[in-house]
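Presented below is the structure to which this report refers.
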Amino acid sequence: MTTLAILGSSRADGETARLLNAVLSHLPHAEMIDLNALQIGPYSYSHANADDDFLPLARAMLKAKAIVLASPVYWYAMSAQMKIFFDRLTDLTDPPYKTIGKQLMGKTLFTVATGGSPQAPECFLPPFEDTAGYFNMRWGGMLYRRGADSLTEQDLAEAKAFADEIKAAQTVIGAVA
Ligand SMILES: Cc1cc2nc3c(=O)[nH]c(=O)nc-3n(C[C@H](O)[C@H](O)[C@H](O)COP(=O)(O)O)c2cc1C
C-alpha cells in the first residue's frame, strides 16, 4: 500500500465517497478505510479507549506514503466521524504512542471534501493543513467539489489530476512507508 484513504462520512455511498472513489480509481495501490466500519471512541485523558480500532488504524497509516482524509462539510466543519479521528491523533503525541506520531513525518496528507456550496468554507481546510504541519507531514492540498448525484466530466478530470498529485507524493524522496 502506498496510499491510505480514510473516509469519514455518514454514508459509505454518498457524495464524498463518490469523489474519493474517482480519485482512488487512478491509484491501484491505494487502500480505503471507512471510519463507520471501525469502533473509535472519542479522546480520553485516561486513555480509556486505547483498545479500540484507533491504534491499528494509526499503524496502518505508517505503511502508506500518502494519506487522504475524506470528509463532507457538515456545519462548516469536518464530519463528526473525522473529528473524533482527529482528536484521537492526540494519542500519538504522548508516550507510549508518540513513536507512531513521530513516524508520520515526511508523509503527505491530502484532503478530499464535498459540500453543498460551490466553495468550502474558509474555516474547513485549516485543521487538515495545520494538523499535517503539527506532525511534520507534507501538505498535499485539497480536492473540493460541490456534492452531486453524479460526477461531471470536469469532476472526473479534477479527480484524475488530484490522483496524479498523490502519485507524485508517493515518490517524494524521504517519504517513508
Ligand atoms: C449534517 C449535514 C450538515 C451539512 N452542513 C453543510 C455546510 O455547513 N455547508 C455546506 O456547504 N454543505 C453542508 N451540507 C451538505 C453536504 O456537505 C453535502 O451534501 C455533501 O456532499 C454530503 O456528502 P456525503 O454524501 O458524504 O454526506 C451538510 C449536510 C449534512 C447532512
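The values are calculated or read from the model by the stated rules, or taken from the named source; none is laboratory data. In this text, all values refer to a predicted model and were calculated from it rather than measured experimentally. Cβ placement follows ideal geometry from the backbone for every residue including glycine, while neighbour counts extend to all protein chains displayed.
In table form, for the structure just shown:
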| quantity | calculated |
| --- | --- |
| Search result, residues across region 129-143 that are surrounded by fewer than 21 Cβ atoms within 10 Å (Cβ to Cβ) and closer than 13 Å to Thr16 by Cα | Met142 |
| Hits in region 54-94 - residues which are without any contact (Cβ under 8 Å) to a residue 24 or more places away in the chain and either away from the ligand (no atom under 16 Å from the Cβ) or farther than 22 Å from Arg145 by Cα (or both) | Pro56, Thr93, Asp94 |
| Evaluation of Asp51 against (1) among the charged types (D, E, K, R); (2) out of contact with any Gly (no Cβ under 9 Å at 6 or more places or on another chain); (3) touching a residue at least 12 places away in the same chain (Cβ under 8 Å) (one fails), failing number | (3) |
| Any chance Ile33 is within 14 Å of the ligand (Cβ to nearest atom), at pLDDT 95 or above and within 25 Å of Gly141 (Cβ to Cβ) | no |
| Residue within region 85-101 that is in contact with a Pro (Cβ under 8 Å, 6 or more places away or on another chain) and among the acidic types (Asp, Glu) present | yes |
| Residue satisfying all of: in region 104-128; away from the ligand (no atom under 16 Å from the Cβ) and closer than 21 Å to Ile40 by Cα; surrounded by the most Cβ atoms within 10 Å (Cβ to Cβ) among these | Leu109 |
